[in-house]
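One structure below.
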Amino acid sequence: MNVSVKTVSVTEEAAAILDRLGVARSRYSEGDIVAFSPITGQQTGKLKAMSSAEATEVIEQAHEAFLTWRLVPAPKRGELVRLLGEELRAAKTDLGRLVSIEAGKIPSEGLGEVQEMIDICDFAVGLSRQLYGLTIATERPGHRMMETWHPLGVIGIISAFNFPVAVWAWNAALALVCGNSIVWKPSEKSLLTALASQAILERALKRYGEAPEGLSQVLIGNRAIGEVLVDHPKVPLVSATGSTRMGRDVGPRLAKRFARAILELGGNNGGIVCPSADLDMALRAIAFGAMGTAGQRCTTLRRLFVHESIYDQLVPRLKKAYESVSVGDPLQSTALVGPLIDKIAFENMQKALVEAKEHGGTVLGGQRVDVGHDLAFYVKPALVEMPKHEGPVLEETFAPILYVMRYSDFDAVIADHNAVGAGLSSSIFTLDMREAERFVAADGSDCGIANVNIGTSGAEIGGAFGGEKETGGGRESGSDAWRAYMRRTTNTINYSKSLPLAQGVSFDIE
Ligand code: NAD
């Protein structure tokens with residue numbers, strides 16, 4: 001079912017939200033970078049790109065702020081993040097709607113993204129009293145050895161269009177409680193949500209009262225401004241989320257100046273459905289994982305391996321779901337699948353589908369859908385039955401394409417599953433304990449996320465998030481990801497009256 005509506009002005013709605021959140025219209029009424037909504041294709045604003053000199057000045061100011069902020073006790077820093085969480089709760093409806101307008105997400109996903117910001121704030125507030133180091137046994141008498149964790153500096157955050165605010169919050173909440181300042185380079189495709197998030201943080205800063213000027217800043221611009229952040233010597237860590245192509249440029253640049261990198265790059269996520277799987281459960285998880293967010297999540301399910309004994313039970317049901325899924329304007333209907341971000345995304349999807357056919361694939365869906373917005377790009381999600389794991393299946397196409405393949409041997413399917421460059425998320429559907437355990441074992445999935453009986457997408461903030469191989473190896477959000485945002489010192493304190501050297505070395509001077 002395709003849901004058709006008449007054009008409405010997302011421009012006015014975005015402006016009204018930004019007014020309520022306190023973003024001055026002058027911030028987005030003039031400039032070369034066009035903000036737009038993928039929902040209608042309409043322009044929602046125009047922003048002026050910063051010059052390199054302006055961006056450098058912002059980073060220098062953030063460095064000055066860091067010098068003060070690092071001395072504020074961590075639980076007090078946590079208070080700022082607690083206030084940010086409160087402000088986000090108050091702004092949830094507005095910001096969630098703006099995420100929908102700017103990223104094209106259905107309302108529950110727009111709100112879900114803001115909920116993720118709130119969750120990470122709660123997590124970080126608790127963390128502000130738990131930045132623990134170890135006390136370690138020393139071989140020398142009258143000595144004590146310990147680790148202390150100190151703030152690191154200005155944390156650069158580069159984010160992608162598809163999680164326009166949550167990725168910032170994952171990094172910002174941790175960086176701030178860890179005693180750092182933050183400079184954010186949002187995607188040039190999601191600048192209004194960035195201005196809104198910064199305005200919400202500024203409300204929290206105002207209530208907090210004593211934070212240094214310039215503690216959190218936003219750089220407006222495209223890739224060139226991102227490069228200023230990546231190359232600046234006073235930015236010891238850049239957390240960069242986006243395509244593997246971006247990571248190939250950013251990673252070596254950071255390495256060249258020995259800066260730290262948290263790289264959160266592309267995914268080409270796989271799922272395996274085994275003979276014992278609960279097929280009702282698998283069907284729902286696959287549908288959400290592959291078609292949700294119009295296939296524009298880094299954790300979107302893109303490759304599905306189905307055991308030959310159940311293929312003819314599962315795949316026809318899946319095809320039915322693909323045929324009946326509602327595609328439409330997510331603000332004007334209850335459609336489950338919204339738009340692609342832009343024309344380029346649509347063209348990339350079509351290119352991949354042509355290639356799939358050249359490799360013997362049978363394509364269901366994939367065509368453009370007319371929902372009454374000529375400038376926007378809506379598509380039917382595509383299910384592609386592939387004879388082999390090859391061709392376009394091996395690369396991430398950031399669009400709703402699910403490649404489906406039969407398998408017969410468990411070892412071989414694990415090998416195929418791992419035979420792609422990316423290593424972000426993965427899942428298996430099975431009630432067989434041996435298969436489940438093998439999938440999460442050392443010789444199972446090689447991804448940063450390996451799930452059993454749930455889909456590849458929709459991670460919670462409590463776990464460390466990130467992937468291996470061409471996904472970049474970074475971890476952010478929960479667990480002990482905070483350690484990347486701090487510098488560890490090992491301290492050995494001698495409270496004895498002699499100076500024994502480690503390893504029994506003697507060096508006695510007269
Ligand atoms: P993109 O790589 O085009 O852009 C991401 C960000 O990087 C933007 O802010 C962009 O301006 C900036 N950028 C690009 N080149 C740069 C450079 N050389 N130096 C500095 N900054 C640079 O990605 P996109 O199209 O916005 O997002 C989609 C991609 O992001 C997909 O590949 C998706 O899988 C990935 N992604 C990954 C994660 C994750 O956590 N692993 C999360 C979301 C999205």
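Using the Karplus relation 6.51 cos²θ - 1.76 cosθ + 1.60 with θ = phi - 60°, the per-residue 3J(HN,Hα) values for the stretch 335-351 come to 4, 8, 10, x, x, 6, 5, 6, 4, 4, 4, 4, 5, 4, 5, 5, 4 Hz, with x marking Gly and Pro. The helix-only estimate of mean residue ellipticity at 222 nm for the chain, built from DSSP H runs of length n ≥ 4 each weighted as -39500 (n - 2.57), is -12500 deg cm²/dmol after division by the residue total. All other residues whose Cβ lies under 15 angstrom from that of SER324 are scored, Lys and Arg at +1 and Asp and Glu at -1, for a net of +4.
How many angstrom lie between the Cα centre of the stretch 486-510 and the Cα centre of the stretch 397-427? Measuring centre to centre over Cα atoms gives 52 Å. Taking amide H positions as modeled 1.01 Å from N, with prolines and chain starts lacking one, the residues under 5 Å from ARG260 and 5 or more places away or on another chain are LEU237, VAL238. The magnitude of the dipole of the chain, with charges of +1 and -1 set on the Cβ of Lys/Arg and Asp/Glu and taken from the Cα centre, is near 840 debye.
By how many degrees, 0 to 90 and rounded to 10, does the Cα axis of helix 10-21 deviate from the longest principal axis of the chain? Between helix and principal axis, roughly 30 degrees.
Taking the number of Cβ atoms within 10 Å of each Cβ as an exposure proxy, the fewest-first ranking of TRP482, TRP168, TRP149 is TRP149, TRP482, TRP168.
The length gained on full extension between GLU347 and ARG488, counted as 0.36 nm times the residue separation minus their Cα-Cα distance, comes to 46.1 nm. Computed from backbone phi, the HN-Hα couplings of the stretch 501-510 come to 8, 5, 6, x, 5, 10, 8, 8, 9, 5 Hz, rounded to whole numbers (Karplus: 6.51 cos²θ - 1.76 cosθ + 1.60, θ = phi - 60°; Gly and Pro given as x).
In this label model, ALA419 and ILE509 are separated by 6.4 nm, measuring between points 7 Å along each Cα→Cβ vector. Rounded to the nearest 20 debye, the dipole magnitude of the stretch 269-462 is 400 debye, with +1 charges on Lys and Arg beta carbons, -1 on Asp and Glu beta carbons, and the Cα centre as origin. Seen from a random direction on average, the alpha-carbon convex hull of the chain projects onto 27.3 square nanometres. Each DSSP beta bridge with both residues in the chain is either parallel or antiparallel, and the antiparallel ones are about 35%.
Potential lengthening of the chain between ARG129 and ASP411 amounts to 97.0 nm, from the contour at 0.36 nm per residue minus the alpha-carbon distance. Evaluate the stretch 366-510: find the radius of gyration of its Cα atoms, find its Kirkwood radius, and give the ratio Rg to Rh. Radius of gyration relative to Kirkwood radius: 1.24. In this structure the amide hydrogen of PHE429, modeled in the peptide plane, comes within under 5 Å of the amide hydrogens of ILE272, VAL273, CYS274, ASN453, none closer than 5 places in sequence on its chain.
FRET efficiency for the pair LEU71 and HIS143, taken as 1/(1 + (r/R0)^6) with r the Cβ-Cβ distance and R0 = 41 Å, rounds to 0.90. Inter-part distance, the stretch 250-266 to the stretch 267-346, computed on C-alpha centroids, equals 33 Å. Sequence-distant contacts, meaning Cα pairs under 8 Å at least 6 residues apart, place the relative contact order of the stretch 269-462 at 30 percent.
Need the C-alpha centroid separation for the stretch 160-197 versus the stretch 222-249, integer Å. Distance between centres, Cα-based: 14 Å. Beyond 19 Å, the tail of the calculated P(r) for the stretch 269-462 holds 56 percent of the Cα pairs. Derived scalar couplings between HN and Hα for the stretch 327-332 equal 10, x, 5, x, 8, 10 Hz in order, rounded to whole Hz, by the Karplus curve 6.51 cos²θ - 1.76 cosθ + 1.60 (θ = phi - 60°), x for Gly and Pro.
Amide H contacts under 5 Å for VAL325: none, restricted to partners 5 or more places along the chain or on a different chain, H placed in the peptide plane at 1.01 Å from N.
Computed from the coordinates by the stated procedures, all read-outs in this text should not be read as laboratory data. Because the structure is a prediction, the values reported are computed rather than measured. Virtual Cβ from ideal backbone geometry, glycine too; neighbours counted across all protein chains shown.
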